[in-house]
1. Just one of (1) in contact (Cβ under 8 Å) with a residue 40 or more places away in the chain; (2) assigned to a strand (DSSP E or B); (3) more than 17 Å from GLU68 (Cα to Cα) trips up GLU29, so point out which.
2. Quick one: in the stretch 182-221, which of the residues that are in a helix (DSSP H, G or I) and either touching a strand residue (DSSP E or B) at 6+ places or on another chain (Cβ under 7 Å) or of a type in the set (A, V, I, L, M, F, W, C) (or both) is nearest to THR90 (Cα to Cα)?
3. Considering LEU187, LEU228, which residue is surrounded by fewer than 24 Cβ atoms within 10 Å (Cβ to Cβ) and touching a residue at least 24 places away in the same chain (Cβ under 8 Å)?
4. Any idea how many residues of the stretch 32-75 are in contact (Cβ under 8 Å) with a residue 12 or more places away in the chain, in a helix (DSSP H, G or I) and among the acidic types (Asp, Glu)?
5. Pairs only if they're at least six apart or on different chains, beta carbon under 8 angstrom, first in the stretch 137-151 and among the acidic types (Asp, Glu), second part of a helix (DSSP H, G or I); list them, first residue then second.
Amino acid sequence: MKDSIPKLAVFKFSSCDGCQLSILDLEDELLEIGRRVNIAYFLEASRATVKGPYDVGLVEGSISTPHEKELIKDVRQKCKTLITIGACATAGGIQALRNWKDVKEFVSVVYAKPEYIETLEKATPISEHVKVDFELRGCPVNKYQILEVLTAFLAGRKPNIPSHSVCVECKRKGNVCIMVSNGVPCLGPVTQVGCGAICPSYGRGCYGCFGPMESPNAESLGERILQLGISKRDIVLMFKGFNGWSEPFRKAGDAFEE
C-alpha cells in the first residue's frame with residue numbers, strides 16, 4: 001500500500017532545524033498526512049528511510065559548504081517537485097550575514113583548527129544552485145502554510161499562499177500602526193504576511209522574518225525610517241537580518257551603507 005501513495009522527503013542543509021520542527025508541530029494534521037503520504041525520508045523525525053525517487057521534497061537550510069553544493073544537485077534529481085522552506089533555504093538565512101565580510105577571517109577567529117573547516121565564501125539560497133518549484137518563506141515557516149503547500153502539490157493545484165504585506169494583517173487585527181503612532185521602525189510594509197503580525201501586535205517593529213512581500217519598495221521604507229531619527233547603520237542592520245540576502249532587502253541595506 002505504501003508503494004502506491006506519494007513519497008515525501010524532508011532534507012536539511014545549513015540551518016537551525018526550526019522549519020522541520022514546524023512540520024512536526026502539525027501533530028494531528030501530520031498523522032493525517034502520514035495516512036495519505038509515505039513520509040519516506042525525514043531524519044528529524046525518524047531514522048527509518050525509503051530510497052527515492054520522491055514525489056515531493058522539502059528542503060530546509062542554505063548552501064554553505066562544498067559538500068552541500070554537490071548534495072543539492074542529487075536531491076534535485078531525486079525529487080519530482082522541490083519546495084524550499086524557510087529563510088535559510090529561500091534567502092540564505094542568518095548565516096548569509098557573512099556574505100558581506102571575509103569568511104576566512106571568521107573561521108580563523110572561531111575555530112582552533114581552521115584548516116579542518118570547509119566552507120563556501122557565501123551562504124546562498126537553494127534557488128541559486130538548482131531549479132526550485134516553490135518557495136515557502138518564514139523564520140520559521142508557518143505550519144499551516146506547510147500544510148497548504150503539501151496539500152496543493154499533492155492535489156496538482158497552485159498553493160494559496162498570500163504575498164501581501166504584514167500591514168494587511170495588522171489592519172485585520174485592528175492594530176494601530178506602531179510606526180505612524182509611536183515612531184517605532186517596522187519592516188511590516190515590505191514584509192510578506194505569514195506570522196500573524198506577532199511583533200507589531202505587541203508593540204515591536206516587524207523584523208522581516210517572512211522576507212520581502214510581492215513588489216516591495218524597501219528603499220523608500222528605509223527613507224521613511226530615516227525620518228524617524230533612526231541612524232543609517234541601524235537601518236542597514238534592520239534589512240540585513242533573517243532575509244538580508246534576498247534581493248530587495250540586500251539592495252535596501254546596501255543603499256544605506258555609509
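The values are calculated or read from the model by the stated rules, or taken from the named source; none is laboratory data. Because the structure is predicted, anything quoted here is derived from the model rather than measured. No Cβ is skipped: glycine too gets one built from the backbone with ideal geometry, and neighbour counts run over all protein chains shown.
1. It is condition (2) that GLU29 fails.
2. Start the filter on the stretch 182-221 by keeping residues that are in a helix (DSSP H, G or I), which leaves 182, 188-190, 198-201, 218-221.
Imposing the further condition that a residue be either touching a strand residue (DSSP E or B) at 6+ places or on another chain (Cβ under 7 Å) or of a type in the set (A, V, I, L, M, F, W, C) (or both) reduces the set to 188-190, 198-199, 218, 221.
Values: GLY188: 19, PRO189: 20, VAL190: 16, ILE198: 21, CYS199: 22, ALA218: 18, LEU221: 22 Å.
The extreme case among them is VAL190.
3. On the way: LEU187 fails: surrounded by fewer than 24 Cβ atoms within 10 Å (Cβ to Cβ).
None of the other options fit; the residue is LEU228.
4. Kept after step one, since they are in contact (Cβ under 8 Å) with a residue 12 or more places away in the chain, are these residues of the stretch 32-75: 33, 36-45, 50, 52-69, 71-73, 75.
Next, from what is left, pick out any that are in a helix (DSSP H, G or I): 33, 36, 66-69, 71-73, 75.
Filter once more, so that each one left must be among the acidic types (Asp, Glu): 68.
The qualifying residues number 1.
5. Partner pairs satisfying both residue conditions: none exist.
Residue by residue, here is whether (1) out of contact with any strand residue (DSSP E or B) (no Cβ under 9 Å at 6 or more places or on another chain); (2) at pLDDT 95 or above; (3) not acidic (Asp, Glu) holds:
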site	(1), (2), (3)
VAL59	no, yes, yes
PRO66	yes, yes, yes
GLU70	yes, yes, no
ASP74	yes, yes, no
ILE85	no, yes, yes
